[in-house]
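In what follows, a single structure is set out as structure tokens and then discussed.
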Amino acid sequence: MHRTIEATGPARPEQVWDRYVRPAMWPSWSPQIRTVDYPHPELVAGTAGVVRGPCALAVPFRIVELGDDHWSWRVHPPVVGELTLRHAVTASGDGTRTTLDVDGPAVLVLGYLPLAGLALRRLVE
């Protein structure tokens with residue numbers, strides 16, 4: 001299943017991008033992420049890590065692509081399959097528009113979208 005969501009807010013594009021490419025910052029705007037185990041201070045294509053959520057849920061991930069205004073990763077939640085997520089950042093008026101394309105099994109995509117929407121709104125605040 002494929003779905004796209006977006007959020008627009010007052011944060012500057014470079015600020016939003018910085019929040020994206022520094023995994024240590026993810027818990028500050030993404031409520032489903034408690035900690036991130038990642039070997040670099042900034043994203044590097046082809047590298048892997050683990051995000052930890054509520055109840056110490058560990059979800060391995062791999063950074064697939066890193067461009068100037070977009071990046072993508074694959075996450076592997078335990079047992080239920082794989083999600084591919086593509087994030088993009090663009091200027092919008094005096095702020096930023098960010099989009100998220102999500103591909104994967106319907107149960108994962110539909111379950112993830114409400115949390116992802118909240119995270120995107122917090123990202124661009």
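The values are calculated or read from the model by the stated rules, or taken from the named source; none is laboratory data. Treat the numbers as computed from the prediction; the structure is a model and nothing was measured. Note: ideal-geometry Cβ built from the backbone for every residue, glycine included; neighbour counts use all protein chains shown. Heads up: the accessible areas ignore ligands, DNA and RNA and are worked out on the full protein's heavy atoms, side chains in. Shrake-Rupley method; radii C 1.70, N 1.55, O 1.52, S 1.80 Å.
Brief remarks on what is shown
- Qualifying residue in the range 105-115 (condition: at pLDDT below 95, surrounded by 17 or more Cβ atoms within 10 Å (Cβ to Cβ) and assigned to a loop (DSSP other than H, G, I, E, B)): no
- Counted residues, the range 1-32 - those being at pLDDT 95 or above and part of a loop (DSSP other than H, G, I, E, B): 6
- Members of the range 33-51 that are of a type in the set (D, E, K, R) and in a loop (DSSP other than H, G, I, E, B): 34, 42
- If you go through the range 83-104 and pick out every residue that is at pLDDT 95 or above and of a type in the set (Asp, Glu), you end up with 2.
- A search for C-beta distances below 8 Å between a residue of the range 26-55 that is over 22 Å from residue 113 (Cβ atoms) and among the hydroxyl-bearing types (Ser, Thr, Tyr) and any residue that is assigned to a loop (DSSP other than H, G, I, E, B) and open to solvent by 60 Å² or more (accessible area, probe 1.4 Å), counting only pairs 6+ apart in sequence or on different chains, returns 47/39; 47/40.
- Contact annotation: residue pairs with Cβ atoms under 7 Å, 6 or more positions apart or on different chains, pairing a residue in the range 80-101 that is within 15 Å of residue 115 (Cβ to Cβ) with a partner that is of a type in the set (S, T, N, Q) and buried (at least 20 other Cβ atoms within 10 Å of the Cβ), are 87/98.
- Residue 121 surrounded by 13 or more Cβ atoms within 10 Å (Cβ to Cβ) and part of a helix (DSSP H, G or I): yes
- Which listed residue, of 92, 72, is open to solvent by 20 Å² or more (accessible area, probe 1.4 Å) and of a type outside the set (Lys, Arg): 92
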